[in-house]
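Reading through the structure tokens given below for one structure.
The values are calculated or read from the model by the stated rules, or taken from the named source; none is laboratory data. Note that the structure is a prediction, hence the values are computed from the model and not measured. As a convention, Cβ positions derive from the backbone with ideal geometry for all residues, glycine included, and neighbour counts pool all protein chains shown. What goes into the accessible areas is simple: the full protein's heavy atoms, side chains included, and nothing from ligands, DNA or RNA. Shrake-Rupley method; radii C 1.70, N 1.55, O 1.52, S 1.80 Å.
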Amino acid sequence: DGRPYLGLSRIAQRRGDLEYAKALLKEGIARSSGGFVTVRGPPEKKIDNRTKKSGKKDVNTDAGPKLGTIPDAGPNPFLLQALGTLEQKMGNLAAAEELYLQALRSRPSHAAAWVALAQLRTKELRQGAKAGRACYQSAERELQRIGAKPNAFVYTAWASMEYKKGKEDDMKSVRKSRELYRKALEADPRCSAAYLQLGVMESECGNFDTAKECFEKVLTFDQRNSRVLQAYAIMESRRPRDEVNSRRVLDLFERALSVNPRDAGVYQAYALYVVELGDIDAAR
């Protein structure tokens, strides 16, 4: 069972003992038995009168009937991916890339490994958006091949990359990112990360009311998310000067700190805003 090895490795990482954490994962990879993925058929279409009236296509996010299973072709892909993440954290980028590829050879539909590989290649190895896009498209294709539900994690990471890497055509990258964030939220309507990142993107594009809708939506089911509250406060502070409600901004920062009093990012953003208000002592 690979799960105890993964749990023990995470405890070791929190203690700062990365070499022991690595040894645990390697031991788990050597000892754990292979798993399998379930293959499913197409989901049954559900007729929705609202979509029928609007002329939109039916969207199916439910898994279809079970058709069979596919065994892993190699070691435990979860442990391989976790070891790759650890190697990347330690600066061993070539080893990390090879471990992600091993995880995908073992289980081609392992979404987390595709995302990790895409982010390694685009952020660390500087291979550009094309390399990352190929990974995300492969993840989407492999998940569809086994009849798995769409993966919000894949679409959220993909959308973030398209927006950050699309400097040569900003409007095109924003449209593509919006489309991918919508796919993420169709797959998981309670995906806080997708709403947060979409809200930040809309704020940077000057669409403050749309950004506000994203943040308010998250807070209906994830009230204790300090990152959302921080992003919400920053967005409100960026409105045109005559539209900024300083009391509202300060209240949002205070809410974020009440949720997580140890969040350094909130303190930094809060202090910078207080400087804008002219209160240097309070910022200090």
Of Asn151, Ser203, Ser173, which is farthest towards the positive pole of the range 136-214's charge dipole, taken about the Cα centre with +1 and -1 on the beta-carbons of Lys, Arg and Asp, Glu respectively? Asn151
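Contact order normalised by length for the chain, with contacts defined as Cα pairs under 8 Å and 6 or more residues apart; what percent is it? Provide the component values of the computation, followed by the final result.
Working: 399 pairs, mean separation 27.5, N = 284.
Relative contact order here is 10 percent.
Could you work out how much longer the chain between Ala264 and Glu204 gets when fully extended? Use 0.36 nm per residue separation minus the Cα distance between them, nm to one decimal. Don't jump to the answer; show the numbers that get you there.
On the way: separation 60, 0.36 × 60 = 21.60 nm, distance 2.21 nm.
19.4 nm is the gain from fully extending Ala264 to Glu204.
Full-extension gain between Thr38 and Arg14, please, as 0.36 nm times their residue separation minus the C-alpha to C-alpha distance.
Working: separation 24, 0.36 × 24 = 8.64 nm, distance 3.32 nm.
Residue separation times 0.36 nm, minus the Cα-Cα distance, leaves 5.3 nm.
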Put +1 on the Cβ of each Lys and Arg and -1 on the Cβ of each Asp and Glu in the chain; which of Ser237, Gly91, Leu185 then has its Cα farthest toward the positive end of the dipole? Leu185
Leu101 versus Asp1, label points 7 Å from Cα toward the beta carbon: distance in nm? 3.4
Highest-MSF residue in the chain out of Thr69, Thr122, Thr85 [GNM, Cα springs under 10 Å]: Thr69
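Summarise the accessible area of the range 189-284 (1.4 Å probe, protein heavy atoms) by the percent that is carbon and sulfur. Numbers along the way, then the final one.
Working: 2540 of 5450 Å².
Its accessible area is 47 percent carbon and sulfur atoms.
By how many nm would the segment from Glu186 to Ala283 grow when fully extended, if each residue of separation counts as 0.36 nm and the alpha-carbon distance is taken off?
On the way: separation 97, 0.36 × 97 = 34.92 nm, distance 4.09 nm.
Here the answer is 30.8 nm.
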What is the magnitude of the charge dipole of the chain about its Cα centre, with +1 placed on the Cβ of each Lys and Arg, -1 on the Cβ of each Asp and Glu, and no other charges, expressed in debye to the nearest 20? 860
List, in order, the whole-Hz ³J(HN,Hα) value for each residue of the range 201-215 obtained from phi through the Karplus relation with A = 6.51, B = -1.76, C = 1.60 and θ = phi - 60°; use x for Gly and Pro. 4, 5, 4, 5, 8, x, 8, 5, 5, 5, 4, 4, 4, 4, 5
Taking the alpha-carbon centroid of each part, what is the distance from the range 62-81 to the range 211-284 in angstrom? 42
